[in-house]
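No value in this document is a laboratory result; all are computed from the given coordinates. All figures in this text were calculated on a predicted structure; none of them were measured in a lab. Backbone-built Cβ (ideal geometry, glycine too); neighbour counts: all protein chains shown.
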């Protein structure tokens, strides 16, 4: 529960960053995506990925690889497959790890 509270606090920081002089970047989002994955809050993960588009940040290979790995570990193979398709259809250059994850 402590980590879940920290994630909620982190989301508030992200919101503050969006209106400040220190805008969030891919590293900010990748960090949050990673920790949401660790907490198995996969619905929040996909929302976070969608938020990257809202602030015009393109998910990178780290974003997609994290998502694919954790979707597989959460036994959400269909979602992992859709994420892999999304990766292949994006401008992100897939790495070998994308195809060997899980």
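Annotations
- Rounded to two decimals, the Cα-based Rg/Rh of the chain, with Kirkwood Rh, is 0.97.
- Tilt relative to the chain, helix 2-18 - C-alpha long axis, 0 to 90 degrees, to 10: 70
- Sites residue 12 and residue 41 - FRET efficiency at Förster radius 22 Å, r taken between beta-carbons, to 0.05: 0.90
- Its relative contact order, with pairs defined as Cα atoms under 8 Å and 6+ residues apart, puts the chain at 22 percent.
- The angle between the Cα long axis of helix 42-54 and the main principal axis of the chain comes to about 70°, on a 0 to 90 degree scale.
- Modelled this way, with points 7 Å down the Cα-to-C-beta line, the labels at residue 91 and residue 27 are 2.1 nm from one another.
- With Cα atoms, 0 to 90° folded angle of helix 77-89 axis to the chain main axis: 80
- Modelled this way, with points 7 Å down the Cα-to-C-beta line, the labels at residue 50 and residue 75 are 2.6 nm from one another.
- Residue-averaged 222 nm ellipticity for the chain, from DSSP H runs of 4+ at -39500 (n - 2.57), nearest 500: -22500 deg cm²/dmol
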